[in-house]
Amino acid sequence: MMQTIINQLKRHQTFLLASHIHPDGDAIGSVLALGLALKAMGKKVQLFNPSPIPMVYRFLPSVLEIKQTLAPDVRFDVALVLDCGDIDRIGAEAVAICKRSLVINIDHHITNTRFGDLQFIDVNACATAEILYHLIQKLPVQIDCAMATAIYTGILTDTGSFRFSNTNRSAFAICEKMIGLGADPYQVAQHVYGTYSLGRIKLLNLALDSLEISPNGKLSVMTLSQRMLRETGTQAEDIDGIINYARRIEDVKVAALIHELCDNGTAPRGKTRYHVSLRSDSGVDVAKIAAQFGGGGHAEAAGFSIDTTLTDLKKQLMQLSEAFSDACEAV
Ligand code: AMP
Ligand code: MN
Ligand code: MN
């Protein structure tokens, strides 16, 4: 399949590269790495993400080439959808454009719906950037410092700095090569993890204050509202990483972070739209839980969005927690 995709990349001229809403380092790094590689091959590329690029990733070379809007009548030979378990995660605007292109789905989520005309899905890859490294190596291009920095950032962030269970030998081997090609680990770490705005610290304080633990101690829940974001002058991107505090608590098997979304116009009367992030350390498969609610992700990091009331949502999560045992084979 990799070869088929490579042939298509060589054959065609115009490419759309898109990744998921509320992008993380892997979504952004993947679009940049492959986008720059195709550009180096003389192709015409358009990089897209439906959300603004979080401040912490704005240091990445060529990141401003990732646009948040697309001309409605624009056409591409190929649409590359990267780091998305579901095509809807690139937003309606890009999905509409995909209808007129050959769609190539490259991803590592276990819940991937296998959308598109061609797929390369490796659930053992630590990041989509890992898959793209192997792909770019087979293209007639040299990985330069900008591509190396993008790949390095994708792997560093998706493995939680080489701490999550998806951390594999390739993560280290590829990152070692990327450093050899010019990626600067200290610079990347400084940008991604080194500085917090005061608002982000205040938001963390509110998140820690919102912590609730299920009666059996196995589930931790944090809740962040739009009001909290307003009061601290923060954005949705500042929530990234906060859930890890809830996951680290002793005896907790699953951590949930409920985040009230601002696109509430779409929620039915009396309900609010929430995004729920789920994390588990081992044992509980949170991708399965997220899939039950129409979302997806990985066994240990998943999410879903839902129109509901906060009371109902917390009640549902607390009920689920009753199945989290010490052995935790239940879910
Ligand atoms: P999050 O908790 O939003 O940081 O997401 C954790 C993981 O689950 C990431 O790999 C996301 O790509 C994935 N994910 C989050 N929300 C959804 C969703 N609604 N549908 C599919 N995958 C999701
Ligand atoms: Mn991602
Ligand atoms: Mn990823």
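For the condition open to solvent by 70 Å² or more (accessible area, probe 1.4 Å), touching a helix residue (DSSP H, G or I) at 6+ places or on another chain (Cβ under 9 Å) and either touching a residue at least 12 places away in the same chain (Cβ under 8 Å) or not in a helix (DSSP H, G or I) (or both), what is the one hit in 274, 245?
The conditions single out 245.
I'm told residue 81 meets every condition in (1) over 29 Å from residue 200 (Cβ atoms); (2) within 16 Å of ligand 3 (Cβ to nearest atom); (3) more than 16 Å from the chain's Cα centre (by Cα) except one. Can you identify the failing condition by its number?
The failed condition is (3).
Evaluate the stretch 132-139: report whether one residue or more is more than 11 Å from ligand 3 (Cβ to nearest atom), at negative phi, touching an Asp or Glu at 6+ places or on another chain (Cβ under 7 Å) and modelled with pLDDT of 95 or more.
Checked the stretch 132-139: no residue is more than 11 Å from ligand 3 (Cβ to nearest atom), at negative phi, touching an Asp or Glu at 6+ places or on another chain (Cβ under 7 Å) and modelled with pLDDT of 95 or more.
In this structure, does residue 26 turn out to be open to solvent by less than 40 Å² (accessible area, probe 1.4 Å), within 16 Å of ligand 3 (Cβ to nearest atom) and of a type outside the set (Gly, Ala, Ser)?
Spelling it out, residue 26 is indeed open to solvent by less than 40 Å² (accessible area, probe 1.4 Å), within 16 Å of ligand 3 (Cβ to nearest atom) and of a type outside the set (Gly, Ala, Ser).
Can residue 52 be described as within 22 Å of residue 196 (Cα to Cα), assigned by TED's automatic domain parsing to the domain that holds residue 144 and open to solvent by less than 20 Å² (accessible area, probe 1.4 Å)?
Taking the combined requirement at face value, the residue does not satisfy it.
Considering only the stretch 279-301, state which residues are polar (S, T, N, Q) and open to solvent by less than 50 Å² (accessible area, probe 1.4 Å).
280
Mind telling me which of the residues 157, 128 ends up being within 15 Å of ligand 1 (Cβ to nearest atom), open to solvent by 10 Å² or more (accessible area, probe 1.4 Å) and in contact with a Gly (Cβ under 8 Å, 6 or more places away or on another chain)?
One residue alone meets the criteria, 157.
Among 3, 46, 8, which is the only one that is open to solvent by 10 Å² or more (accessible area, probe 1.4 Å) and in a strand (DSSP E or B)?
46
With respect to residue 269, determine if the residue is open to solvent by 30 Å² or more (accessible area, probe 1.4 Å), at pLDDT below 95 and farther than 27 Å from residue 27 by Cβ.
yes
Name the residues in the stretch 195-209 that are buried (at least 16 other Cβ atoms within 10 Å of the Cβ) and over 19 Å from residue 276 (Cβ atoms), would you?
200, 202
Residues 260, 212, 231, 250: which one is under 19 Å from residue 316 (Cβ atoms), of a type in the set (D, E, K, R) and open to solvent by 60 Å² or more (accessible area, probe 1.4 Å)?
Only one candidate qualifies: 212.
What's the number of the only condition in (1) buried (at least 17 other Cβ atoms within 10 Å of the Cβ); (2) over 30 Å from residue 316 (Cβ atoms) that residue 164 fails to meet?
All conditions pass for residue 164, except number (2).
If I go through the stretch 94-107 residue by residue, how many of them are open to solvent by 40 Å² or more (accessible area, probe 1.4 Å) and either charged (D, E, K, R) or part of a helix (DSSP H, G or I) (or both)?
The qualifying residues number 3.
Pairs needed: first member in the stretch 76-98, hydroxyl-bearing (Ser, Thr, Tyr); second member anywhere, within 14 Å of ligand 1 (Cβ to nearest atom); C-beta distance under 7 Å; at least 6 residues apart or different chains.
So the pair list comes out empty.
Tell me, which helices (runs of 4 or more DSSP H) lie completely within the stretch 108-200 with 2 or more residues that are under 24 Å from residue 5 (Cα atoms) and either touching a residue at least 12 places away in the same chain (Cβ under 8 Å) or in contact with a helix residue (DSSP H, G or I) (Cβ under 7 Å, 6 or more places away or on another chain) (or both)?
In the stretch 108-200, 128-137, 145-158, 169-180 are the helices (runs of 4 or more DSSP H) which contain 2 or more residues that are under 24 Å from residue 5 (Cα atoms) and either touching a residue at least 12 places away in the same chain (Cβ under 8 Å) or in contact with a helix residue (DSSP H, G or I) (Cβ under 7 Å, 6 or more places away or on another chain) (or both).
The values are calculated or read from the model by the stated rules, or taken from the named source; none is laboratory data. Because the structure is predicted, anything quoted here is derived from the model rather than measured. Every residue, glycine among them, receives a Cβ derived from its backbone with ideal geometry; neighbour counts consider all protein chains shown. Side chains are part of the model used for accessible areas, which takes the heavy atoms of the whole protein and leaves out ligands, DNA and RNA. Shrake-Rupley method; radii C 1.70, N 1.55, O 1.52, S 1.80 Å.
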